[in-house]
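These notes are about the structure you will find just below.
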Amino acid sequence: MANINKKNQVDSIFQLIEKNSNLLLVKIGKTTHQGLETLRKELRKSDSKVKVIKNTLFEKAINKIALKNKLFVDFKKQFFPLKETAALITLGDRWNEGLKTLYLFTKKDATLSLKLALLDKTLYNAEKSIQIAQLPSREELLGRIIGSMKSPMSKFVYALKYNTNKFVYILNAKSKEVKS
């Protein structure tokens, strides 16, 4: 007979996966407790949560979800069996912030590494996930677009004022010369 505690854990993982469409699976290996708490604190700012999981219980939850959702059938084929100690990160609506936070944290703490990502109902392996994490945010892109649109106008105005400004500087220099 299966342990009731383990069934409850599988159900909690199942509900967590079912509620959140944006997930990350992270290898935590030899990460210290203090490192995980720091990661939790940083991810909380981007409305993301970390849950350390047992691989066997996670696989059972995925098997349960795969009966309903074909995406998780592909998930099973590509990524099972899981071998290293793992944590499940659920991302909020603005998942790019949580992904970037994790990416920057993995640069500081080498014991953490990304295994896979499920973003907007699409599976990504570790390499693709890192590439996505390195992309600039929406706000950065909007700033760059606005800056590039403003730049030609400001350069044009500067070009129009250049000759007039140069003439004024020459007159000021000549007037100082005459006073001396």
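Of N20, N96, N165, the residue with the greatest mean-square motion in the GNM of the chain, using alpha carbon springs below 10 Å, is N165.
Ratio of Rg to Rh for region 137-180: 1.41 [Cα atoms; Kirkwood radius as inverse mean 1/r over pairs]. The distance linking region 117-167 with region 78-104 is 27 Å (Cα centroid to Cα centroid, whole angstrom). Here the residues S48, S113, ranked from fewest to most Cβ neighbours within 10 Å of their Cβ, fall in the order S113, S48.
Placing a label point 7 Å from the Cα of K64 along the Cα-to-Cβ direction, the residues of region 7-45 whose backbone N falls under 13 Å of that point are 7-19. Which residues make up the longest stretch of the chain that has no trypsin sites (Lys or Arg not before Pro) in a DSSP loop with at most 16 other Cβ atoms within 10 Å? Between exposed loop sites, the widest span is 122-180.
Modelled label positions at S175 and K30, each set 7 Å beyond Cα in the direction of Cβ, lie 7.4 nm from each other. Considering only alpha-carbon pairs that sit under 8 angstrom and 6 or more positions apart, the relative contact order computed for region 4-135 is 38 percent. On full extension, the segment bounded by D93 and L135 gains 13.4 nm, given 0.36 nm per residue less the C-alpha separation.
Treating r as the C-beta distance of I4 and D74 and R0 as 25 Å, the FRET efficiency rounds to 0.20.
Every number in this text was worked out from the coordinates using simple rules, so none of it is lab data. What you see is a predicted model; the values in this text were computed from it and never measured. With ideal geometry, Cβ positions are generated from the backbone for all residues, glycine too; neighbour counts draw on all protein chains shown.
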